[in-house]
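A quick write-up on the structure given underneath.
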Amino acid sequence: MSRDDVVTPSSPRSAHIVDATMGPLIGTGRLRRVFPFAATAIISLIIAVPAMSWIRPGFAVAAAVLIAAAITGSVVFPWSRVGRSAQVTPALLFLVGTLLLVYATGNVVGSPFVTMAVLPLMWLAIYEHRNSVLFAAVLAGVGFWLVSQGGNGQPAVEGNIATVVFVVCAAGMGITLHGLVADARRLAHALRDQQVALEDAAAMLNSLSERVSRYRVLDHVVNYCNAAWASQYHVDPAQALGRPLEQFLSPDELVGLHSQLALLGPDNPTLVDTVARAVPNAPGQWLQRVDRYLAGADGTEVLSIGRDVTERHDTEIKLAESEARFRDLADKSADVVWRFTIEPTPHFDYMSPSVQSILGYPPSYFLDDFGRMLDILDESSTTAIARALSGERVLKRFDFHFRHANGSIVIGETRTTVIPGGLQGVSRDVTELRQLQAETAALALRDPLTGLANRRLFQELLDADRARTERSGQPLAVAFLDLDGFKQVNDTYGHDAGDVVLCEAARRLLAIVRGADSVAHLGGDEFVIVYQPNDANSRNLIQRLDRALSAPINLTPTTVVTCRASIGIADTGTVGYDSAALLAAADVAMYEVKRARRRVRGAPAAVRPRVAPKVVSGEPARSL
């Protein structure tokens with residue numbers, strides 16, 4: 001079948017092949033198969049019988065009856081009711097009939113009926129097994145040999161030779177013909193299967209919504225098209241065959257045709273047109289073609305399949321419009337909008353212009369080299385990025401610390417979203433906000449006047465020190481301090497003077513304690529110190545504190561006051577590892593010291609101004 005032919009359903013004649021399981025005398029085409037042999041036999045008998053001299057006329061009549069029965073039976077007998085092997089009967093009857101005709105003439109050599117014996121052998125060679133051919137050839141040889149032995153003036157040697165030659169030639173030619181017919185039958189089966197496959201493929205292609213066509217590369221002439229392709233151009237498939245594509249394609253499709261042909265070839269046999277093409281006579285519909293390069297004996301061709309991608313094309317347009325709107329918003333945003341891609345190497349493929357106002361660098365600075373972004377980040381930020389790239393952590397929200405182009409530090413609050421192949425996010429400058437939050441946090445945990453820890457932070461520090469020393473078995477002590485005479489200073493000189501006293505007392509406490517000790521201002525004139533009494537320096541800590549706080553405090557160049565401290569101490573050796581109990585015991589010890597001082601003096605300390613300098617003296621404190 002030519003590749004240029006249109007695939008049409010095969011006719012019964014072209015599709016007919018003898019079924020080996022049914023045999024030649026069953027099914028459609030039986031008369032067509034029997035007729036050539038019957039016509040040849042009848043014509044041969046009409047010519048040969050009148051010309052022969054019969055020495056045994058009775059056998060000639062019997063032979064005619066057998067031959068007629070063989071021909072008639074092969075046509076009218078219901079062979080489907082008997083076994084398959086029974087279909088050799090007409091051929092064998094015909095062969096026996098020819099043998100009787102030879103016997104009736106009494107002459108083997110030169111008898112025309114010997115030639116007629118070839119007909120049943122040919123039938124058997126074409127339609128039966130080769131063993132039946134060999135059997136019939138031997139049977140004919142035996143019959144001819146018997147006839148040749150009967151005499152009639154013919155030398156026996158010549159009859160024997162003629163018989164042997166006939167058997168050899170008949171068997172050889174029969175087997176050869178049988179092989180040729182078997183090969184032809186196999187080829188016919190293959191062709192029939194191929195025809196059926198082509199018909200099925202054509203039916204399937206015509207049922208597809210894809211536009212399928214095949215054309216020659218040389219002149220673009222259409223060799224095949226399915227119904228969908230033809231209906232696109234309002235023609236029947238048969239009307240499109242033999243016409244060039246230029247008569248059908250739109251200008252846009254012609255551009256796609258030539259661009260595809262420029263790239264197709266043996267080294268690039270399959271090619272997808274990356275551009276969706278508008279469908280002629282169907283506004284709003286778009287096709288994308290896939291072409292296959294075909295090299296054959298009839299010339300180079302291209303098989304083209306067009307797929308409807310209207311929905312995808314519309315989606316891509318909407319996506320492009322949406323991305324354009326997003327880019328416009330991102331370009332005008334005060335925050336830094338960015339998109340990061342991992343493949344083929346980590347890089348930014350978008351960064352909004354606002355990065356220049358926040359970090360001092362243009363977007364191209366980072367788009368050209370992702371490493372430049374890492375260079376301006378602190379160590380914690382680069383570590384977080386490395387963990388994110390390795391998949392250990394997802395940075396949904398993180399504060400990055402950037403170094404501005406002018407050297408200052410910028411804190412960028414960054415929120416990220418995972419996208420296919422990377423991340424996208426928004427970074428906002430929160431430097432001032434984080435500073436304000438830090439100051440607010442400090443106010444929540446620090447005394448705003450002295451800068452010391454307030455009661456809340458002190459409790460956290462005390463609990464942490466208590467847990468740590470309890471685990472290690474080390475002692476922990478709490479010193480509770482109350483400034484004597486502070487109320488008189490407030491009442492006499494005002495709260496600003498009292499603030500000066502509190503700040504100076506805090507400064508002196510911080511100057512004496514060690515770095516590991518905790519100092520807090522609980523409110524009013526009360527201070528507390530947490531320390532470990534585990535060395536000589538810590539054992540005389542209280543004496544040093546008492547001496548430092550006993551020193552005069554200059555309120556003004558002409559006004560000096562003295563506010564010694566009553567100090568109470570409690571440690572874990574007597575109270576145990578209980579934060580509340582330690583603080584309560586130290587508080588009780590402090591009040592005992594304060595009461596003892598009052599008993600010694602007999603009355604609370606009085607504020608006595610001095611002429612030069614003016615001094616307010618509290619009660620002398622007892623060293624602890």
Open item on the list: Looking at segment 429-460 only, could you name the residues that are touching a strand residue (DSSP E or B) at 6+ places or on another chain (Cβ under 6 Å) and surrounded by fewer than 17 Cβ atoms within 10 Å (Cβ to Cβ)?
Closed with: Val430, Arg434, Arg455
Open item on the list: Among the numbered criteria (1) open to solvent by less than 50 Å² (accessible area, probe 1.4 Å); (2) not in a strand (DSSP E or B), which one does Ala197 miss?
Closed with: (1)
Task: Criterion (assigned to a loop (DSSP other than H, G, I, E, B) and surrounded by 17 or more Cβ atoms within 10 Å (Cβ to Cβ)) met by exactly one of Leu249, Leu257, Leu271 - done: Leu249
- [ ] Please specify each residue of segment 311-343 satisfying the condition of being under 22 Å from the mean Cα position of the chain (by Cα) and part of a helix (DSSP H, G or I).
- [x] Glu311, Arg312, His313, Thr315, Glu316, Leu319
Task: Those residues of segment 223-269 which are of a type in the set (D, E, K, R) and closer than 19 Å to Thr300 by Cβ, in sequence order - done: Arg243, Glu246, Asp267
Task: Neighbours by Cβ (under 7 Å, 6+ apart or cross-chain): first from segment 575-586, among the hydroxyl-bearing types (Ser, Thr, Tyr); second open to solvent by 50 Å² or more (accessible area, probe 1.4 Å) - done: Tyr577/Arg466; Tyr577/Glu470; Ser579/Asp463; Ser579/Arg466
Task: Residue list for segment 406-439, restricted to those being over 14 Å from Ser381 (Cβ atoms), among the small types (Gly, Ala, Ser) and in a strand (DSSP E or B) - done: Gly422
Task: Whichever residue in segment 348-366 is out of contact with any Ser or Thr (no Cβ under 6 Å at 6 or more places or on another chain) and part of a strand (DSSP E or B) and, among such residues, is surrounded by the fewest Cβ atoms within 10 Å (Cβ to Cβ) - done: Tyr350
- [ ] Filter segment 556-580 down to residues that are surrounded by 15 or more Cβ atoms within 10 Å (Cβ to Cβ) and either touching a strand residue (DSSP E or B) at 6+ places or on another chain (Cβ under 8 Å) or assigned to a strand (DSSP E or B) (or both), then give me how many there are.
- [x] 14
Open item on the list: Just to check your reading of the model, which residue among Thr89, Thr98 is under 23 Å from Leu146 (Cβ atoms), buried (at least 24 other Cβ atoms within 10 Å of the Cβ) and among the hydroxyl-bearing types (Ser, Thr, Tyr)?
Closed with: Thr98
- [ ] Name the one entry in Ala162, Ala190, Ala156 that is farther than 27 Å from Ala70 by Cβ, modelled with pLDDT under 75 and not polar (S, T, N, Q).
- [x] Ala156
TODO: For residues that are in a loop (DSSP other than H, G, I, E, B) and in contact (Cβ under 8 Å) with a residue 40 or more places away in the chain, scanning just segment 499-549, find the one that is farthest from Ser579 (Cα to Cα).
DONE: Asp525
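The values are calculated or read from the model by the stated rules, or taken from the named source; none is laboratory data. Bear in mind the structure is a predicted one, so any value in this text is a computation, not a measurement. Don't worry about glycine lacking a Cβ; one is built from the backbone with ideal geometry, like all the others, and counts go over all protein chains shown. These accessible areas exclude ligands, DNA and RNA; they are computed on the full protein's heavy atoms, side chains included. Shrake-Rupley method; radii C 1.70, N 1.55, O 1.52, S 1.80 Å.
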